[in-house]
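Input: a single structure, listed below in structure tokens.
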Amino acid sequence: MIGVDFLRPALGLSALAGVLVLLVGGYGLARRRAELSRLVASRRLAAFLPGLSWTRIVLRLLLGVLALFLIGLSATGPVRGYTYQDAVRRGIDLVVCLDTSNSMLARDLRPSRLERARREVKGLLDRSAGDRIGLLAFAGDSREVAPLTHDRATLEGLLQEARPEDNRLGGTDLAAALSQALDLFDGRTGAHEAIVLLTDGEDLGGQGAEVARRAAEQGIRIYVVGVGTEAGGKIPIVGPDGRETFLRDNQGEEVVTRLDGASLRRLAETTGGDYLSTENSATPLEDLYAARISRLEGRDLEGDLRRVPHDRYQWTLALGLACMLIETGLRETSARRRRP
């Protein structure tokens, strides 16, 4: 149907019930005529059944079929026209800071720390339907990947594009990431805002604790997911010849990067937040969200425009009921009868 969409197309099979009635009814009419022809000669049928109208009988069947089709069509929710409304949801503002430094390529978690961190963020996106989420990637510097938004599909796509190759500076600067995260909030109150930090904890800048105290003064909690193991792992690198080796220090020894859980826990607790690591939980970020983050005070957050469809089921339903009423009131015999 041109210009018409359907809200519940899966219910379209209900409109086909009329086809079944047409087949069964048509078969019944054919049997009825055959039985009458066996009992009464066709030239005596008018006298035997005065006023009988096969046209009316067929019309009743078609009206019944049409009624079932239209009522079934109304169940699919035919839509013609839309209204756009502001989408208002209740939730909190979350800024996710994802460590994309080279140490996140270590494979003490499979397939790597960075891939495990991405999986944690994906789980958060699946659970936090009403919240606005922003995404930052950081190493020795910090960069905005996505502003605060409800658009989960875009966030998931951009999440996969956060890679170490895009870092402008090496190392790990937690302070840069946390400072930029604070700048993304509106500054009205920290009761509805939080920062999620996913990192292995090697804060080479050493200023993360200072920014955490500033966040605590604004009432903004920081929740930290430690990604890695205390046993640590080597950092793979690919040489000019395409061969993979491991990063070495100035003495030629292979570098082993270890999760610094103690400093990350102190950073989180400074703000009244919490800390979990991939060694403590199979899904640490989802656990933090369920137990702590989701309990923060939500507020009404304006989202994108929401398209509200105009369900025109009344049109087909009214036509279907009208056909049903006509079919019920229509007799098989005409009012005028032949005199005997």
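The values are calculated or read from the model by the stated rules, or taken from the named source; none is laboratory data. Just so it is clear, the model here is predicted, and its values are computed rather than measured. Note: ideal-geometry Cβ built from the backbone for every residue, glycine included; neighbour counts use all protein chains shown.
Remarks
- Meets criteria (touching a Phe, Trp or Tyr at 6+ places or on another chain (Cβ under 9 Å) and either modelled with pLDDT of 80 or more or in the same structural domain as ILE220 (by TED's automatic domain parsing) (or both)) for GLY77: yes
- Remark: pairs (first residue in region 121-142, free of Cβ contacts under 8 Å to residues at least 40 places away in the same chain and over 22 Å from THR278 (Cβ atoms); second residue acidic (Asp, Glu) and buried (at least 21 other Cβ atoms within 10 Å of the Cβ); Cβ separation under 9 Å; 6+ apart in sequence or on different chains) = ASP141/ASP173.
- Residue within region 182-200 that is assigned to a helix (DSSP H, G or I), over 17 Å from THR270 (Cα atoms) and modelled with pLDDT of 90 or more present: yes
- Against the criterion of being assigned by TED's automatic domain parsing to the domain that holds GLY170 and at pLDDT 95 or above, ALA231 does not qualify.
- Long-range neighbours under 6 Å by Cβ, at least six apart or interchain, first residue closer than 17 Å to LEU136 by Cα within region 92-120, second among the basic types (Lys, Arg): ASP93/ARG132; MET104/ARG113
- Taking the numbered list (1) at pLDDT 75 or above; (2) surrounded by 18 or more Cβ atoms within 10 Å (Cβ to Cβ); (3) assigned to a helix (DSSP H, G or I) in turn, ALA15 passes all entries but (1).
- Screening ILE220 on (1) under 22 Å from PRO147 (Cα atoms); (2) surrounded by fewer than 17 Cβ atoms within 10 Å (Cβ to Cβ) shows it passes everything except condition (2).
- Members of region 231-251 found to be small (Gly, Ala, Ser) and surrounded by 10 or more Cβ atoms within 10 Å (Cβ to Cβ), listed by number: ALA231, GLY232, GLY233
- Residue check, ALA139 crowded, with 22+ Cβ neighbours inside 10 Å, touching a Phe, Trp or Tyr at 6+ places or on another chain (Cβ under 6 Å) and assigned by TED's automatic domain parsing to the domain that holds SER101: no
- GLY134 vs. criteria within 25 Å of ASP186 (Cα to Cα) and out of contact with any helix residue (DSSP H, G or I) (no Cβ under 9 Å at 6 or more places or on another chain): no
- Number of positions in region 143-169 that are part of a loop (DSSP other than H, G, I, E, B) and among the aliphatic types (A, V, I, L, M): 2
- Answer residue from region 91-123, given it is in contact with a Gly (Cβ under 7 Å, 6 or more places away or on another chain) and of a type in the set (D, E, K, R) and is nearest to LEU155 (Cα to Cα) among those: ARG113
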